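What follows is a set of notes on a single structure, which appears directly below.
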Amino acid sequence: MPPESGPDRLAAIESRLLEVPAGSDAGSVIPITTVRGRRPGPTLALIAGNHGYEYPPILALQRLRGQLDPAELAGQIVMVHTANMPSFLGRTVYFSPVDGKNLNRVYPGNPAGTVSERIAHAITTEVIEESDYVLDLHCGDGNEWLRPYVYRTITGNDALDRSIARLAMAFGIDRVVVDRDRPTDPARSLYCSTTAIVRGKPAMTVESGSLGMSDEESVERIVTGIYGVLRELRMKEGGPDPLTQAVYLEPTEVVTSPETGILYAQAECNQTVAKGAVLAFVTDFFGKRLAEIRSPLDGLVLYIVATPPIVKGQPVACVGTPRHEPRVIE
Ligand SMILES: [Zn+2]
């Protein structure tokens with residue numbers, strides 16, 4: 001009998017809509033699935049759709065929900081299928097169509113705030129604080145041409161950092177951005193994964209997919225990565241081997257636009273560029289060139305905005321310097 005039709009499997013898989021009540025603006029719902037394993041083990045949270053125009057993570061969790069068999073699982077998996085429902089249904093990049101806020105910059109949220117803040121609060125209290133490990137699943141947003149990578153946060157806490165490093169290798173994406181600059185205040189963690197890390201829980205942000213597409217390769221890369229993490233956490237047998245080496249990107253720099261106008265990308269994602277190379281230029285709405293945007297370092301283009309609209313101060317590209325090991329910081 002295939003796993004999806006077994007009665008035991010269905011009994012241990014519970015899906016529900018978590019209500020985010022209306023406040024100063026309209027409420028929302030967060031679709032959540034909990035898969036309870038037959039044996040004891042840790043709780044792993046998988047969060048998709050903090051950015052509503054990033055589709056491969058959302059599709060990957062639907063696929064995973066259809067594949068998992070609780071009889072083969074130790075611990076439990078909590079899936080947030082679509083965190084940012086207003087942005088998903090409203091098809092908006094970065095910002096909620098309701099309150100104009102970036103959900104992944106308002107964690108841990110506020111129950112008395114606007115809808116993005118109330119969503120963040122619900123996910124923090126109902127999902128992150130109830131979990132032992134968290135994967136926050138992203139891709140290039142609707143405007144971002146991106147090669148797959150993960151963020152490995154370094155906190156200075158050895159045990160936590162080792163656990164995060166193991167998540168990174170287990171997920172199997174071999175470009176790893178080393179991130180030492182995340183917030184440390186639990187009350188102002190801003191990012192979803194950081195919200196977990198400042199609460200002592202190993203967590204990682206994953207990027208797989210690009211430009212509003214929902215291609216099979218990007219979806220399956222996420223599903224496979226999750227199986228790798230389930231194996232690493234001894235929650236499930238099988239799954240891919242962890243990586244034995246990766247390319248670490250450090251430092252990385254996000255280059256922002258000095259002007260508002262029309263963006264012309266001059267580099268491709270995954271391209272190697274020299275410091276000073278032109279990544280893009282911006283024109284006004286009639287075609288007059290306003291600015292050139294240059295690479296601040298020698299490195300690899302992790303993502304570049306590849307659609308025309310650009311607003312002063314918004315990201316144009318992220319470039320990172322490849323290394324075989326993270327830098328040693330004295
Ligand atoms: Zn995102």
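The values are calculated or read from the model by the stated rules, or taken from the named source; none is laboratory data. Everything quoted here is computed from the prediction, not taken from an experiment. Using ideal geometry, Cβ is built from the backbone for each residue, glycine included, and neighbour counts are taken over all protein chains shown. The protein model used for the area step is the full one, side chains on, heavy atoms only, and it has no ligands, DNA or RNA in it. Shrake-Rupley method; radii C 1.70, N 1.55, O 1.52, S 1.80 Å.
List of remarks:
- Selection status of GLY156, surrounded by fewer than 24 Cβ atoms within 10 Å (Cβ to Cβ) and within 16 Å of the ligand (Cβ to nearest atom): no
- All positions within segment 186-211 that are among the small types (Gly, Ala, Ser) and part of a helix (DSSP H, G or I): ALA187, SER193, ALA196
- Identity of the residue in segment 14-59, open to solvent by 10 Å² or more (accessible area, probe 1.4 Å) and β-branched (Val, Ile, Thr), that ends up nearest to the ligand (Cβ to nearest atom): ILE58
- Cβ-Cβ distances below 6 Å connect no pair with a first residue in segment 286-315 that is within 28 Å of MET213 (Cα to Cα), a second residue that is at pLDDT below 95 and of a type in the set (A, V, I, L, M, F, W, C), and a separation of six or more residues or different chains.
- Residue list for segment 144-153, restricted to those being more than 14 Å from the ligand (Cβ to nearest atom) and either free of Cβ contacts under 8 Å to residues at least 40 places away in the same chain or in contact with a helix residue (DSSP H, G or I) (Cβ under 9 Å, 6 or more places away or on another chain) (or both): ARG152, THR153
- Spans of strands (runs of 3 or more DSSP E) in segment 1-118 with at least 3 residues touching an Asp or Glu at 6+ places or on another chain (Cβ under 6 Å): 39-48
- All conditions but one from (1) farther than 28 Å from ILE310 by Cβ; (2) touching a Phe, Trp or Tyr at 6+ places or on another chain (Cβ under 8 Å); (3) of a type in the set (S, T, N, Q) apply to THR184; the one that does not is (2).
- Yes/no for ARG118 being basic (Lys, Arg) and open to solvent by less than 30 Å² (accessible area, probe 1.4 Å): yes
- Residue match in segment 119-134 (condition: without any contact (Cβ under 8 Å) to a residue 60 or more places away in the chain and β-branched (Val, Ile, Thr)): yes
Yes/no matrix, rows are residues, columns are (1) in contact with a helix residue (DSSP H, G or I) (Cβ under 9 Å, 6 or more places away or on another chain); (2) surrounded by 18 or more Cβ atoms within 10 Å (Cβ to Cβ):
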site	(1), (2)
SER210	yes, yes
ASP215	yes, no
VAL219	yes, yes
ILE222	yes, yes
MET235	yes, yes
ALA246	yes, yes
VAL273	no, yes
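- With respect to being within 24 Å of LEU279 (Cβ to Cβ), part of a loop (DSSP other than H, G, I, E, B) and away from the ligand (no atom under 15 Å from the Cβ), ASP141 falls outside the description.
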